[in-house]
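The values are calculated or read from the model by the stated rules, or taken from the named source; none is laboratory data. Bear in mind the structure is a predicted one, so any value in this text is a computation, not a measurement. Note that each Cβ is placed from the backbone with ideal geometry, even for glycine, and that neighbours are counted across all protein chains shown. In case anyone asks, the SASA skips ligands and DNA or RNA and just uses the protein heavy atoms, side chains included. Shrake-Rupley method; radii C 1.70, N 1.55, O 1.52, S 1.80 Å.
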Amino acid sequence: MRPEEFRTSYPHLIGWIRETLGAHAKEAKTVASLGFPRLSRYFSEELLRSTKAVVIDRVPMPPLSSMGLSRFAEFAVGDYDGITYLDTFFVKRRSATEERLYFHELIHVVQWRSLGPEAFLAAYAAGLENFGYRHSPLESMAYNAEALFSQSDELFDAEKLVTDQLSGMRRRLLLG
Ligand SMILES: [Zn+2]
């Protein structure tokens with residue numbers, strides 16, 4: 001994707017995201033209020049209090065084709081268990097009790113925060129285009145951290161893990 005293509009699509013994308021979050025604001029609950037036992041050992045209290053989760057039957061996906069992003073149309077019709085927009089994530093009802101899913105989406109919240117919305121979306125799009133969903137850099141970071149969380153009790157600072165990995169890949173991510 002050419003940078004000017006992304007720049008043209010970005011206002012539509014971020015507009016849709018803000019509208020979608022506004023439409024679900026009433027159902028959103030802070031992650032801190034949900035009572036998951038392990039999350040606070042990996043993420044700060046501040047992050048868990050400022051991040052919101054919405055349980056929903058189908059996670060909302062932007063109408064990418066009508067935004068000039070039809071090359072990502074396949075991604076947009078996928079059936080995902082969770083998706084994160086800015087400081088809020090949506091989780092599918094069938095998976096809404098899985099702490100590892102919240103952990104995964106919190107990794108994305110830290111990515112959104114660290115990169116900022118425009119760089120996050122540009123990096124996410126470049127990753128999808130070049131590596132596909134599962135192996136895109138921002139997803140593989142989230143899946144790898146989720147695996148560490150699920151497979152052992154070893155504690156680590158998940159926010160630091162993300163910011164360290166992002167600073168290592170920032171240049172490559174931003175250049176696509
Ligand atoms: Zn993910």
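Quick notes
- Pairwise FRET efficiency - Ala96 versus Tyr10, Cβ, R0 = 41 Å, nearest 0.05: 0.85
- Förster radius 22 Å - calculated FRET efficiency between His135 and Leu155, Cβ distance, rounded to 0.05: 0.20
- Solvent-accessible surface of the stretch 25-176, taken per residue with a 1.4 Å probe and all protein chains present: 49 Å².
- Note on the chain: with charges restricted to the Cβ of Lys and Arg (+1) and Asp and Glu (-1), its dipole about the Cα centre is near 240 debye.
- Accessible surface of the stretch 3-43, 1.4 Å probe, proportion on carbon and sulfur as whole %: 55
- Kirkwood hydrodynamic radius (C-alpha pairs) into Stokes-Einstein, the chain, 25 °C and 0.890 mPa s, D in µm²/s: 148
- Computed helical MRE - 222 nm, the chain, DSSP H runs ≥ 4 contributing -39500 (n - 2.57), nearest 500: -17500 deg cm²/dmol
- Cross-link partners of Lys52 among lysines, defined as those whose alpha carbon lies under 18 angstrom from its own and excluding same-chain residues fewer than eight positions apart: Lys26, Lys29, Lys92.
- Within the accessible area of the stretch 47-176 (1.4 Å probe), percent carbon and sulfur: 52
- Net lengthening on full extension, Glu45/Ala23 (0.36 nm per residue, minus Cα-Cα): 5.3 nm
- Model label sites at Ala76 and Ser33, defined 7 Å from Cα along the beta-carbon direction, differ in position by 3.2 nm.
- Per-residue Karplus couplings for the stretch 112-121, computed as 6.51 cos²θ - 1.76 cosθ + 1.60 with θ equal to phi - 60°, are listed in order as 4, 5, 5, 7, x, x, 5, 5, 4, 5 Hz, Gly and Pro entered as x.
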